[in-house]
Number of protein chains: 2
Amino acid sequence: MSIKHAVLGLLSWQPLSGYDLKKRISSSTAFYWSGNNNQIYKTLIQLQEEGLVTFEEHFQEKGPAKKVYSVTPQGQEELRKWALSTPQVPEVRNTFLIQLAWANELSGEELNSLIDQYDEEVSMHLLMHEEQTRRGSDAPHRTAREAYMWQMISENTTTFLKNELNWARKLRHELKDRPELNSGE
Amino acid sequence: MSIKHAVLGLLSWQPLSGYDLKKRISSSTAFYWSGNNNQIYKTLIQLQEEGLVTFEEHFQEKGPAKKVYSVTPQGQEELRKWALSTPQVPEVRNTFLIQLAWANELSGEELNSLIDQYDEEVSMHLLMHEEQTRRGSDAPHRTAREAYMWQMISENTTTFLKNELNWARKLRHELKDRPELNSGE
DNA sequence: GTAGTCATGTAAGACGTTACATGATTCT
DNA sequence: AGAATCATGTAACGTCTTACATGACTAC
């Protein structure tokens with residue numbers, strides 16, 4: 001499971017409450033995951049039971065008490081161990097490809113419009129990601145290496161999205177230039 | 001949900017049994033999904049209840065009877081409707097990025113080895129995908145356009161994997177060339 | 001006779017999402 | 001007065017995976 005380690009990692013950077021974790025996770029475009037309450041609070045309780053995190057209750061003048069979680073030495077060890085495990089090939093869930101696969105019944109215009117819509121969606125996403133990267137609010141930089149890593153992590157998403165755009169534009173142009181591809185008949 | 005439509009699409013190409021669907025789905029590197037029994041058989045029953053597919057029982061001399069499913073006109077209509085719905089940005093679940101994010105505790109050598117392992121995994125995956133594409137066993141080509149589409153769908157996965165490799169190699173080389181990034185201390 | 005493939009399905013559980021519940025405080 | 005934010009959590013449901021169950025036939 002990687003939610004556990006994502007949470008552990010965030011806490012290893014700085015102690016946070018469940019509420020703050022949620023905000024960080026759901027606002028990040030790089031690792032995108034809804035960051036819903038259910039999983040966050042459950043994961044925190046689980047991590048605590050395993051002795052990988054502890055919490056301190058912070059009472060505030062205004063508002064309810066916070067449970068601020070931080071990583072224990074065992075948690076650090078677990079994080080290090082996990083970081084050394086053999087990496088997996090990323091999973092891509094691209095429903096648009098499935099859509100295209102069965103788009104045989106569509107007219108040439110419908111298909112073009114579909115591709116344009118995809119282009120727009122991806123472009124929008126790219127803009128949002130670049131905007132967020134520029135602000136750089138959620139990246140730790142305890143060391144030069146860590147700062148560089150976070151830059152490269154962000155770049156991974158950027159190049160991924162640009163690759164999608166290139167691909168979609170090639171598709172678009174070839175459909176235009178090759179009239180024999182214009183119909184599904 | 002897109003499993004429903006993936007199944008519907010496969011059946012619109014040619015009638016298949018649950019067992020054959022499973023084989024096709026799980027062997028495909030482009031839309032990768034385990035294609036487990038539970039979901040396939042459930043989806044087929046559900047599609048049938050919705051009137052989007054029908055089945056014929058094929059008795060064979062050898063082995064058990066097959067339920068061969070095919071798409072109804074309503075199913076075709078549903079598929080067309082879905083194919084026109086606005087496309088979504090693909091979801092990428094890249095655990096390696098999370099691993100890197102919290103790799104601050106790792107030594108330079110450990111980090112390099114991690115990146116090399118990632119390179120290897122992705123390269124292997126790319127080879128498998130190219131091999132499968134070359135065989136081209138699972139692509140329909142009822143029209144020139146459909147054949148071209150399937151080629152581009154496969155290319156999407158290829159360029160994605162190549163993008164990952166480029167990114168990993170850049171990371172690898174910059175870590176090598178910039179000694180200030182060598183440690184997490 | 002043991003393992004593998006063909007073919008159908010079920011059970012159990014992990015993983016994920018949306019929405020609701022509660023209660024205080026702050027902003028308009 | 002109504003909405004938004006802070007902060008914790010629960011409920012209900014949907015998705016997805018692993019593993020098991022059954023039974024026949026096939027290959028070594």
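Only the coordinates and a few stated rules stand behind these numbers; no lab work does. These numbers were taken from a predicted model, which means no experiment stands behind them. When we count neighbours, we look across all protein chains shown, and the Cβ atoms used for this are built from the backbone with ideal geometry, even at glycine.
Overview of results
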| item | result |
| --- | --- |
| Rg followed by Dmax, in Å, when segment A:84-185 is reduced to its Cα trace | 18.2, 59 |
| Cα-centre dipole for segment A:67-133 with unit charges at Cβ (Lys and Arg positive, Asp and Glu negative), debye to 20 | 760 |
| Order of A:TYR69, B:TYR19 under a 10 Å beta carbon neighbour criterion, fewest first | B:TYR19, A:TYR69 |
| Approximate spin-label separation B:SER107-B:SER27, in nm, with each point projected 7 Å along Cα-to-Cβ | 4.6 |
| Using a Förster distance of 45 Å, the FRET efficiency for A:ARG178-A:ASN36 (Cβ separation, nearest 0.05) | 0.50 |
| Neighbourhood net charge (12 Å Cβ-Cβ; Lys/Arg +1, Asp/Glu -1) for A:GLU56 | +1 |
| Footprinting exposure proxy for A:GLU56, B:GLU50 (fewest neighbouring C-beta atoms within 10 Å first) | A:GLU56, B:GLU50 |
| Amide H contacts of A:GLN88 (H built 1.01 Å from N, under 5 Å, at least 5 apart or other chain) | B:PHE96 |
| Charge context of B:PRO90, other residues only, Cβ under 9 angstrom, K/R +1, D/E -1 | -1 |
| Charge dipole magnitude, Cβ of K and R +1, D and E -1 - the protein assembly as shown, Cα centre, debye nearest 20 | 240 |
| Whole-Hz ³J(HN,Hα) from phi, Karplus 6.51 cos²θ - 1.76 cosθ + 1.60, for segment A:85-102, glycine and proline x | 5, 5, x, 9, 5, x, 9, 10, 10, 10, 5, 4, 4, 5, 4, 5, 4, 10 |
| Separation of alpha-carbon centers, segment A:130-181 and segment B:140-185, rounded to whole Å | 11 |
| Exposure proxy order (Cβ contacts within 10 Å, fewest to most) of B:GLU57, A:GLU155, A:GLU78 | B:GLU57, A:GLU155, A:GLU78 |
| In sequence order, calculated HN-Hα J values of segment B:144-150 (Karplus, 6.51, -1.76, 1.60; Hz; x Gly/Pro) | 4, 5, 4, 4, 4, 4, 5 |
| Mean Cα-pair separation over length for segment B:3-84, i.e. relative contact order, pairs under 8 Å, 6 or more apart, % | 35 |
| Virtual spin-label span in nm between B:PHE59 and B:MET128, 7 Å along Cα→Cβ | 4.1 |
| Amide H contacts under 5 Å for B:LEU16, placed H, 5+ residues apart | B:TYR69 |
| Net charge, A:LYS81 excluded, C-beta distance under 12 Å - Lys, Arg +1, Asp, Glu -1 | -3 |
